[in-house]
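Engineer: The following block contains the structure, expressed as structure tokens.
The values are calculated or read from the model by the stated rules, or taken from the named source; none is laboratory data. The model shown is predicted, which means the values in this text are computed figures rather than measured ones. Cβ placement follows ideal geometry from the backbone for every residue including glycine, while neighbour counts extend to all protein chains displayed.
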Amino acid sequence: MVLVGCSSTSVTPTPSTDAGTTSDGSVTPPAKSGLPCAVQDVLSQRCHQCHGPTVQFGAPMPLVTYEDLTATATGGRIIDRVIARVKDDKKPMPQPPNPRLGTADLATLQTWAQTMPRSDETCAYKPPLPTPTADCTPDRSIRPASKWTMPKDKSNEYVCYGVDITEAQKRHITAMIPHIVNNKIVHHVLLLEAPTAQSSTPFACPSGMATTWRMLYGWAPGGAALATPPEAGFPLEGTKHYVVQLHYNNVQALEGETDDSGIDLCTTPTLRANDADVMAFGNLRFTIPPNSPNYTIDCGITVPNNFTGLHFFAAMPHMHNLGAKIETTLIQGGKTIDMGSVPSWDFNAQPWKPIDATVNGGDQIRTTCAWNNNTGQPVKYGSNTEDEMCYSFTMYYPRISGLFSWEVPAATSQCK
Ligand code: HEC
């Protein structure tokens, strides 16, 4: 299993007077930010992907200059919020799936925070750590027929568009790579497959997903492109009806922001040994009682004999906003093997996680989901934002042929 970083992204910056511009067009901070270089290096390499001179991916403020860090916001001094969020195990910064800050970097920030001396140093700018793309050249791209314009007065919007791809001769998709155009508003991107063609002009769609659509791939800031293992590829044959769902976020109420982000595919006519596919574990028949913190279900299936030898290579757990935790495990003989777990769920970060498990008939696959229902209403399974989900989309090969729906393992699971 190869997970590689997200594709390089492009930004249209609005440079401020004393800021410079790098070769890829992104804005660099002024050479004298008023911060010691050690502090600036931590911020530029680990935070500026989102909190740079031009804020991106829904980050609320820049963390660039002395003034930015010493300012006071509703939650207290910005520098104190910085340290609190870097140490926050539930909602860490940088946000997952980006790696946590190391102790040396945290110590640099903490030491400076004690007296916050203004620095006169001129620092060489260290750009955000590189985010590698897939190791292949995309040859198919999925894009909308026109750009979406984000309304100024909406902080969140879910938008979908459809693209049909027709291939006379079978090919294998070997990598799915996000193509993110407007970093200021794009928050996540999902690639789904629908039973029928959908409008190629972007349209508002629910934040959940139609249950007849199947998840193929998802990306959130910091997320990775996904390459299949060398022995497998997703089949592309006849006509496929793809849907891209975009979540836009406009917390700064920007005027006239447009976007036509999509997904690039690497495909090959040289077929891999196995067709890959996605199935979902979890459960569809739960109701979370009102006012129940930490309501948990533990549901599972006994692996049927026709699954013997299936190899699972990536998992994307999926819940909605009340989710607290989701864990899928394979119980094989006396062993427990991780099949994709998110110990503290964050709706805004839904990465594919590499897993490595081969199943046998008679094994157990169990999914535990926990929610905090702080509303006065019961919340049921469903695809709308107000509903909840307990799904773990899981990529595997070889694809089960014949009448098998991706949803069967979740739909037939029994809860303790
Ligand atoms: C991949 C994008 C991304 C990266 C990288 C990132 N942030 Fe954030 N940050 C966000 C988003 C989105 C929010 C708003 C949502 C939230 O608060 O979780 C945010 C909010 C914040 C807040 C304000 C919220 C509060 O609790 O007051 C602070 C402080 C913060 N980030 C600090 C940092 C620091 C420090 C780093 C680097 C060590 C960093 N962030 C890296 C995206 C990012």
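Engineer: Whether any residue in segment 300-316 is of a type outside the set (A, V, I, L, M), touching a Ser or Thr at 6+ places or on another chain (Cβ under 6 Å) and either modelled with pLDDT under 90 or closer than 30 Å to ASP88 by Cα (or both) is what I want to check.
Structural biologist: The initial filter retains those residues of segment 300-316 that are of a type outside the set (A, V, I, L, M), namely 300, 302, 304-309, 311-313.
Remaining after also requiring touching a Ser or Thr at 6+ places or on another chain (Cβ under 6 Å): 300, 311-312.
Cutting the leftovers down to either modelled with pLDDT under 90 or closer than 30 Å to ASP88 by Cα (or both) gives us none.
So far as segment 300-316 goes, no, none of its residues is of a type outside the set (A, V, I, L, M), touching a Ser or Thr at 6+ places or on another chain (Cβ under 6 Å) and either modelled with pLDDT under 90 or closer than 30 Å to ASP88 by Cα (or both).
Engineer: Could you please find all residues in segment 172-189 being surrounded by fewer than 21 Cβ atoms within 10 Å (Cβ to Cβ) and at pLDDT 95 or above?
Structural biologist: none
Engineer: Only one of ASP135, ASP164 is of a type in the set (D, E, K, R), in contact (Cβ under 8 Å) with a residue 40 or more places away in the chain and not assigned by TED's automatic domain parsing to the domain that holds THR268; which? Full working, then the answer.
Structural biologist: Values: ASP164 fails: not assigned by TED's automatic domain parsing to the domain that holds THR268.
None of the others qualify; the one that does is ASP135.
Engineer: Ok, one more. Looking only at segment 32-44, how many residues end up being in a helix (DSSP H, G or I), more than 7 Å from the ligand (Cβ to nearest atom) and in contact with a helix residue (DSSP H, G or I) (Cβ under 9 Å, 6 or more places away or on another chain)? Show your work before the answer.
Structural biologist: Residues of segment 32-44 that are in a helix (DSSP H, G or I), as a first pass: 37-44.
From what's left, more than 7 Å from the ligand (Cβ to nearest atom): 37-41, 44.
Those left that are additionally in contact with a helix residue (DSSP H, G or I) (Cβ under 9 Å, 6 or more places away or on another chain): 38-39, 41.
Final tally of qualifying residues: 3.
Engineer: Within segment 211-228, how many residues are surrounded by fewer than 23 Cβ atoms within 10 Å (Cβ to Cβ) and modelled with pLDDT of 90 or more?
Structural biologist: Within segment 211-228, residues that are surrounded by fewer than 23 Cβ atoms within 10 Å (Cβ to Cβ) and modelled with pLDDT of 90 or more number 0.
Engineer: Looking at segment 199-210, which of its residues are assigned to a loop (DSSP other than H, G, I, E, B) and at pLDDT below 95? Steps first, answer last, please.
Structural biologist: Taking segment 199-210 first, the residues assigned to a loop (DSSP other than H, G, I, E, B) are 199-202, 205-210.
Correct list: CYS205, PRO206, SER207, GLY208, MET209, ALA210.
Engineer: Among the residues of segment 111-126, is any closer than 27 Å to GLU257 by Cα and not basic (Lys, Arg)? Even if it seems obvious, please write down each step before you answer.
Structural biologist: Our first condition is that a residue be closer than 27 Å to GLU257 by Cα; within segment 111-126, this holds for none.
Checked segment 111-126: no residue is closer than 27 Å to GLU257 by Cα and not basic (Lys, Arg).
Engineer: Give segment 302-325 a look and list any residue that's of a type in the set (A, V, I, L, M, F, W, C) and within 12 Å of THR394 (Cβ to Cβ), or say none. First the steps, then the outcome.
Structural biologist: Narrowing segment 302-325 to residues of a type in the set (A, V, I, L, M, F, W, C): 303, 307, 310, 312-316, 319, 322, 324.
Those that are of a type in the set (A, V, I, L, M, F, W, C) and within 12 Å of THR394 (Cβ to Cβ): PHE307, LEU310, PHE312, PHE313, ALA314, ALA315, MET316.
Engineer: Just to be sure before I move on: is ASN374 closer than 21 Å to ALA194 by Cβ, touching a residue at least 24 places away in the same chain (Cβ under 8 Å) and surrounded by fewer than 15 Cβ atoms within 10 Å (Cβ to Cβ) in the structure I sent? Before you say what the answer is, go through the steps one by one.
Structural biologist: Values: closer than 21 Å to ALA194 by Cβ: no; touching a residue at least 24 places away in the same chain (Cβ under 8 Å): yes; surrounded by fewer than 15 Cβ atoms within 10 Å (Cβ to Cβ): yes.
Criteria not met by ASN374.
Engineer: Give the residues of segment 45-69 that are of a type in the set (Gly, Ala, Ser) and more than 9 Å from the ligand (Cβ to nearest atom), sorted by residue number.
Structural biologist: Keep residues of segment 45-69 that are of a type in the set (Gly, Ala, Ser), which gives 52, 58-59.
Of everything in segment 45-69, just one residue is of a type in the set (Gly, Ala, Ser) and more than 9 Å from the ligand (Cβ to nearest atom), namely GLY52.
Engineer: I'd like to know if segment 260-277 contains one or more residues that are assigned by TED's automatic domain parsing to the domain that holds VAL186 and within 16 Å of the ligand (Cβ to nearest atom).
Structural biologist: Yes, that holds for at least one residue.
Engineer: Next question. Against the conditions (1) more than 16 Å from the ligand (Cβ to nearest atom); (2) touching a helix residue (DSSP H, G or I) at 6+ places or on another chain (Cβ under 9 Å); (3) not aliphatic (A, V, I, L, M), where does ASN183 fall short? Just the number, please.
Structural biologist: Answer for ASN183: the failing condition is (1).
Engineer: Show the residue pairs meeting these rules: Cβ distance below 6 Å; 6+ apart or different chains; first residue within segment 49-64 and under 12 Å from ASN249 (Cα atoms) and touching a residue at least 24 places away in the same chain (Cβ under 8 Å); second residue of a type outside the set (Val, Ile, Thr) and near the ligand (Cβ under 9 Å from one of its atoms).
Structural biologist: Qualifying pairs under 6 Å: GLN56/CYS50; PHE57/CYS50; PHE57/PRO221; GLY58/HIS187; GLY58/ASN249.
Engineer: Within segment 70-82, identify whether any single residue is near the ligand (Cβ under 7 Å from one of its atoms), part of a helix (DSSP H, G or I) and touching a strand residue (DSSP E or B) at 6+ places or on another chain (Cβ under 9 Å), and answer yes or no.
Structural biologist: So the first thing to find is which residues in segment 70-82 are near the ligand (Cβ under 7 Å from one of its atoms), and the list is 73, 75, 78, 81-82.
Keeping just the survivors that are part of a helix (DSSP H, G or I) gives 78, 81-82.
Filter once more, so that each one left must be touching a strand residue (DSSP E or B) at 6+ places or on another chain (Cβ under 9 Å): 78, 81.
Among the residues of segment 70-82, at least one is near the ligand (Cβ under 7 Å from one of its atoms), part of a helix (DSSP H, G or I) and touching a strand residue (DSSP E or B) at 6+ places or on another chain (Cβ under 9 Å), which makes the answer yes.
Engineer: I need the full set of residues from segment 146-165 which are under 19 Å from TRP213 (Cβ atoms) and out of contact with any Pro (no Cβ under 6 Å at 6 or more places or on another chain), in order please.
Structural biologist: Answer for segment 146-165, where residues must be under 19 Å from TRP213 (Cβ atoms) and out of contact with any Pro (no Cβ under 6 Å at 6 or more places or on another chain): GLU157, TYR158, CYS160, GLY162, VAL163, ASP164, ILE165.
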